[in-house]
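Working notes, structure below.
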């Protein structure tokens, strides 16, 4: 049951990163604001599903497998956002 709570926390962390000021420049430069808004809505939905999954996980093996797959996806998304933040911070330091 803790797996769903753990994933909920990762999804929350990703949402915070998506809304961070550090990524606003990236959104503007690459013109991905609409896509990120869609991703934000999807992550909010995933968080609600994870709250429900907490109770259902012990009874449903398919749900347990889905949570494992979701964990991989959320880790990849979190890593990607970390890379973007690092790139943005490096480019900001190089500006005169």
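Mind pulling the angle between the C-alpha long axis of helix 2-18 and the longest principal axis of the chain? Nearest 10 degrees, somewhere in 0 to 90.
Helix 2-18 sits at roughly 20 degrees to that axis.
I need 47, 16 ordered by Cβ neighbour count within 10 Å, fewest first. Don't skip to the end; give the middle numbers.
Values: 47 17, 16 10.
Listing 47, 16 from fewest to most nearby Cβ atoms yields 16, 47.
Would you mind calculating the gained length between residue 87 and residue 19 on full extension (0.36 nm times residue separation, minus the Cα-Cα distance), in nm to one decimal?
Details: separation 68, 0.36 × 68 = 24.48 nm, distance 1.64 nm.
That pair, residue 87 and residue 19, stretches by 22.8 nm at full extension.
List the pair-distance distribution P(r) of the chain, using every Cα-Cα distance, as the percent of pairs falling in each 5 Å bin from 0 up to the bin containing the longest distance, rounded to whole percents.
Cα pair-distance distribution for the chain, in percent: 2, 13, 22, 21, 14, 11, 8, 5, 3, 1, 0, 0.
Quick note: the coordinates plus some simple rules give every number you see, no bench work behind them. Since this is a predicted model, take the numbers as computed values, not measurements. Virtual Cβ from ideal backbone geometry, glycine too; neighbours counted across all protein chains shown.
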